[in-house]
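The values are calculated or read from the model by the stated rules, or taken from the named source; none is laboratory data. These numbers come from a predicted model, not from an experiment. Cβ atoms come from the backbone with ideal geometry, glycine included; neighbour counts cover every protein chain shown. Note: areas computed on protein heavy atoms with side chains; ligands, DNA, RNA excluded. Shrake-Rupley method; radii C 1.70, N 1.55, O 1.52, S 1.80 Å.
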Amino acid sequence: VHPMKRCYLIRHAQTVWNSDNRIQGHSDLPLSPLGQEQAHRLATLFASRHLKGIVTSHLLRSRQTAHAIASGNGHGVEPVVERDLAEMHLGEWEGLTPAEVDARFQGAYQQWRSQPSSVAIPGAEPLDTFLVRVRQAVHRLVASWDEGEYVLVSHGGVIAALLADVLHANYDAILRRLRLDNAGVTALEFGSPTPHVLWINATSHLEEGNPPLALPGSAGWF
């Protein structure tokens with residue numbers, strides 16, 4: 001019997017650049033006031049979970065989200081930084097809106113929207129390098145975990161890369177077809193020979209006026 005490991009993949013809460021629709025990549029922005037509220041709602045959502053570990057990218061927006069979750073959880077788990085969970089470095093596009101990218105780089109954002117892998121972003125991390133970095137980091141983490149529940153706070157591109165890996169899907173298709181909101185929760189289960197996707201981008205805990213819904217319980221394995 002394989003030990004079951006559940007991983008809650010969380011996209012960091014909102015920054016001002018998110019609300020302005022600016023491309024962030026490795027640019028290091030703090031959470032906006034709305035992002036801080038989203039992080040508080042995540043803390044409430046996970047307050048009663050017996051988390052075995054919390055892992056975050058080194059970027060501030062991710063660390064602030066992870067620390068909010070840790071502060072709301074009574075099991076004394078401190079976030080551990082894993083730099084390989086950082087968003088893809090997006091070179092000269094960082095800080096620009098999609099319209100600004102199109103204006104400066106001959107419609108490159110519209111091309112990227114239809115087929116991300118076909119666009120070479122000036123100064124950016126190569127896509128293949130990014131995908132391998134994410135895959136290796138997550139495989140390394142999961143191999144080190146005991147049975148139980150873990151939170152992994154990261155970025156939209158990273159979560160899309162991991163889902164593409166688990167589903168044996170094309171990264172371009174995943175990135176185009178999946179919506180991954182700030183502070184949304186995606187859940188994976190590792191333990192059997194094949195990882196399972198439990199759900200993608202749960203956001204009911206962020207809806208104004210709604211109390212956070214309880215997370216579904218484990219499937220009888222602890």
- In the range 133-153, is there at least one residue being open to solvent by 40 Å² or more (accessible area, probe 1.4 Å), more than 19 Å from His12 (Cα to Cα), acidic (Asp, Glu) and without any contact (Cβ under 8 Å) to a residue 60 or more places away in the chain? no
- strands (runs of 3 or more DSSP E) completely within the range 1-117 that count 3 or more residues being touching a residue at least 12 places away in the same chain (Cβ under 8 Å), touching a strand residue (DSSP E or B) at 6+ places or on another chain (Cβ under 9 Å) and over 22 Å from Ile174 (Cβ atoms): 51-56, 79-81
- Message: Here are the criteria: (1) within 20 Å of Ile200 (Cα to Cα); (2) touching a helix residue (DSSP H, G or I) at 6+ places or on another chain (Cβ under 8 Å). Tell me which single one Gln136 does not satisfy.
- Response: (1)
- Task: May I ask you to list the residues in the range 91-132 that are touching an Asp or Glu at 6+ places or on another chain (Cβ under 8 Å) and open to solvent by less than 40 Å² (accessible area, probe 1.4 Å)?
- Result: Gly91, Thr97, Ala108, Tyr109, Pro116, Ile121, Ala124, Leu131
- Message: Testing His50 on (1) at pLDDT below 95; (2) farther than 15 Å from His205 by Cβ; (3) open to solvent by less than 60 Å² (accessible area, probe 1.4 Å), one condition comes back false. Which one is that?
- Response: (3)
- Message: Please pick out the residue among Arg41, Arg83, Arg104, Arg61 that is among the basic types (Lys, Arg) and closer than 28 Å to Gly191 by Cβ.
- Response: Arg83
